[in-house]
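*Asks:* Quick one: this structure, given as structure tokens, is what I'll be asking you about.
The values are calculated or read from the model by the stated rules, or taken from the named source; none is laboratory data. Worth saying up front: this structure is predicted, and the values here are computed from it rather than measured. Here the Cβ is made from the backbone with ideal geometry for all residues, glycine too, and neighbour counts use every protein chain on show. Surface accessibility is based on the protein's heavy atoms, side chains included, excluding ligands, DNA and RNA. Shrake-Rupley method; radii C 1.70, N 1.55, O 1.52, S 1.80 Å.
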Amino acid sequence: MSHELLSNLLYIIVGFSWMMYLSQELFISGASALNISLAKDEEERKQIQATAGLHFDGMEVWLIAALTITFGAFRVAFATILPHLYVVFFLLVYAIIARGVSLEVMYKLDNKKWQKAMKYTWMISSLLLMLFLGVYITNLFYGFPYDGTNMTKGFISIFSVTGIMGGVFFVLLSLVSGAAWISVTCVGDLGKRALGFVKKVGVIYMVPVVLLLVFMGFNNTTASLFVGDLFTDYYVLFLLPFMTVISAILVTVFGIKEDGKKMFIFTVVTMALFIITGFVGTFPNVMLSNIDPAFSIKIADTVASKKAATTIFTVIMIFYPLILGYQGWKYYRFAFGIKLNDE
């Protein structure tokens, strides 16, 4: 296998890892964030706790994989982005820790104030997690203020209008997906109430609107996502953003109909298509510059040596099937366990 092919495959694997992680984090964080708004008593909250907390270990493997593969295979890009986003990454880590801890210790004390504090920590950390992820991923596709040597602005620059819209899009889609996930995994009136809530509040209507605003924001610089090598060489790829918007519209349609299963499917499809669109648009760059496309860090300029890349790829080929198999079994075995046990 040539070094060029190997490096491109590793880039694809990084994108795949992000897609797998975010497609799952989407509904888990959404369900967690809705615990205050939906649960009328502790039994209902424990249902949400069970259906959300059960899958943390498997999905976060994909986040670790996406970051470690980037570190191992594209070290220059990793070393350029990380110092620029130290604050954001630490906030992201704090949100992950706060969510996991609050979920685990919520009922360790028989104290109403303690339990209330943990409920709000669970909700707020879940919302912030999706917000920070949305801002980061959006900027990954939008580009960073890199002049070929250094970042010309501080980390606050990622909170541009486009970056914030990306974060809001992730939060909104997460809430809708979480409501749909609750509707298909929880028993009683909780599921119907979840679907009614996102419809009544109007979250389902905002998803395609904010997505369109994010796509419009991508076109605001000379390093636009849609003038990347693949989009300009293969016009058929413009079907990707088109399909992403159509999928988001279908989320709204099935949300209006309160069809939880189809709404859930299309929230996950929307997220997956958004990630695929972004990684297709940035190719052959690992890190885009929104100052000048010429300053972007290309795959060929940052990829590890052939020996190192081959080692990384071999490890991936061994462990990724195991991770996929474990997660597939876990969802099959436990995702609908509450309803099955109730029956």
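*Asks:* What number, rounded to the nearest 500 deg cm²/dmol, is the helix-based mean residue ellipticity at 222 nm of the chain, given -39500 (n - 2.57) per DSSP H run of at least four residues and division by all its residues?
*Replies:* Details: 16 runs with 264 residues, N = 343.
That comes out to -25500 deg cm²/dmol.
*Asks:* OK, next. Just the accessible area for Trp329, please: 1.4 Å probe, Å², rounded to the nearest 10?
*Replies:* Taking all protein chains as shown, Trp329 has close to 130 Å².
*Asks:* Go through the range 100-112 residue by residue and turn each phi into a ³J(HN,Hα) via Karplus (6.51, -1.76, 1.60, θ = phi - 60°); whole Hz please, and just put x for glycine and proline.
*Replies:* Whole-Hz 3J(HN,Hα) from phi for the range 100-112: x, 5, 4, 5, 7, 9, 3, 10, 6, 10, 8, 9, 4.
*Asks:* For Lys298, enumerate residues with amide H under 5 Å from its amide H, sequence gap 5+ or separate chain, H modeled in the peptide plane.
*Replies:* Correct list: Val286.
*Asks:* Right, here's the next one. Which shape class applies to the range 226-280: rounded if a/c is under 1.5, otherwise prolate when a/b exceeds b/c and oblate if not, where a ≥ b ≥ c are the square roots of the Cα gyration tensor eigenvalues?
*Replies:* prolate
*Asks:* Nearest 0.05, what FRET efficiency do Ile318 and Phe155 give at R0 = 51 Å with Cβ-Cβ as r?
*Replies:* E between Ile318 and Phe155, to the nearest 0.05, is 0.90.
*Asks:* Here's something else I'd like to know. State in Å² the accessible area per residue of the range 108-265; use a 1.4 Å probe, count heavy atoms of protein chains only, and round to the nearest integer. Don't skip to the answer; put the middle values down first.
*Replies:* Details: 7160 Å² over 158 residues.
For the range 108-265, the per-residue accessible area is 45 Å².
*Asks:* If we sort 281-290, 151-160, 26-35, 97-106 on the protection proxy, mean other Cβ atoms within 10 Å, highest first, what's the order?
*Replies:* On the way: 281-290: 22.3, 151-160: 15.1, 26-35: 27.4, 97-106: 17.5.
Ranking, from highest mean packing down: 26-35, 281-290, 97-106, 151-160.
*Asks:* Quick check: pseudo-label points 7 Å beyond the Cα along Cα→Cβ at Ile36 and Val101, how many nm apart are they?
*Replies:* 1.9
*Asks:* Sorted by mean Cβ packing within 10 Å, highest first, what order do the peptides 254-264, 107-117 take? Write out the running numbers ahead of the final one.
*Replies:* Details: 254-264: 18.5, 107-117: 11.5.
The peptides rank, most packed first, as 254-264, 107-117.
*Asks:* Let me ask something else about it. Hey, quick one: spin label on Tyr86, modelled 7 Å out along Cα-Cβ, who in the range 126-166 has an amide N within reach, i.e. under 17 Å?
*Replies:* What the label zone holds, given the 17 Å backbone N cut-off, is 150-158.
*Asks:* How about Lys307: which aspartates and glutamates have a C-alpha closer than 18 Å to its C-alpha, ignoring those fewer than 8 places off in the same chain?
*Replies:* Within reach: Glu4.
*Asks:* Next question. What is the percent carbon and sulfur in the accessible area of the chain, measuring with a 1.4 Å probe over the protein chains and ignoring ligands? List each step's numbers first, then the result.
*Replies:* Values: 10530 of 15340 Å².
Carbon with sulfur: 69 percent of the solvent-accessible area.
*Asks:* Of Trp18, Tyr94, Met59, whose Cα points farthest to the positive end of the dipole of the range 1-138 (charges on the beta-carbon: +1 Lys, Arg; -1 Asp, Glu; origin at the Cα centre)?
*Replies:* Ranked along the dipole, the leading option is Tyr94.
*Asks:* Hey, another quick one. Along the three principal axes, how long is the range 7-65 when you take its alpha carbons, biggest first, rounded to the nearest angstrom?
*Replies:* 52, 18, 11
*Asks:* Seen from all sides and averaged, what is the projected area of the convex hull of the Cα atoms in the chain, in nm²?
*Replies:* Numbers: hull surface 69.7 nm².
Averaged projected area of the chain's Cα convex hull equals 17.4 nm².
*Asks:* With axes computed from alpha carbons, what is the tilt in degrees of helix 161-185 against the longest principal axis of the chain, rounded to the nearest 10 within 0 to 90?
*Replies:* 40
*Asks:* What shape does the range 86-241 have by the C-alpha gyration tensor, where a ≥ b ≥ c are the square roots of the eigenvalues, rounded means a/c under 1.5, and otherwise prolate means a/b greater than b/c and oblate the rest? Numbers along the way, then the final one.
*Replies:* Details: a/c = 3.06, a/b = 1.55, b/c = 1.97.
Oblate is the answer for the range 86-241, as a/c is 1.5 or above yet b/c matches or exceeds a/b.
*Asks:* Mind checking the angle between helix 203-218 and the chain's longest principal axis? C-alpha axes, 0 to 90 degrees, to the nearest 10.
*Replies:* Result, in degrees: 10.
*Asks:* Now, a different point. For Lys116, which lysines qualify as cross-link partners when the Cα separation must be under 28 Å and same-chain residues fewer than eight apart are set aside?
*Replies:* Lys40, Lys46, Lys108, Lys192, Lys199, Lys200, Lys339
*Asks:* Looking at the square roots a ≥ b ≥ c of the eigenvalues of the Cα gyration tensor of the range 238-343, which shape do they give, rounded for a/c under 1.5, prolate if a/b is larger than b/c, or oblate? List each step's numbers first, then the result.
*Replies:* Values: a/c = 4.47, a/b = 1.39, b/c = 3.21.
It comes out oblate by the Cα gyration axes.
*Asks:* Continuing with the same structure: In whole Hz, what ³J(HN,Hα) sequence does the range 292-299 give by Karplus (6.51, -1.76, 1.60; θ = phi - 60°), x for Gly and Pro?
*Replies:* For the range 292-299, the Karplus-derived couplings read 7, x, 5, 8, 4, 8, 8, 4 Hz, x marking Gly and Pro.
*Asks:* For the chain, find the longest principal axis of its Cα atoms and tell me its angle to the long axis of helix 42-53, 0 to 90°, nearest 10.
*Replies:* 20
*Asks:* If the reach is capped at under 19 angstrom between alpha carbons, list the aspartates and glutamates near Lys112, excluding any in the same chain fewer than eight residues apart.
*Replies:* Result set, ordered by chain and number: Asp41, Glu42, Glu43, Glu44, Glu104.
*Asks:* Tabulate in residue order the Karplus-calculated ³J(HN,Hα) for the range 250-260, using 6.51 cos²θ - 1.76 cosθ + 1.60 with θ = phi - 60°, rounded to whole Hz; enter x for Gly and Pro.
*Replies:* 5, 4, 5, 4, 6, x, 5, 7, 6, 9, x
*Asks:* If we sort 265-271, 312-318 on the protection proxy, mean other Cβ atoms within 10 Å, highest first, what's the order?
*Replies:* Values: 265-271: 24.3, 312-318: 13.9.
With the highest mean Cβ count within 10 Å placed first, the list reads 265-271, 312-318.
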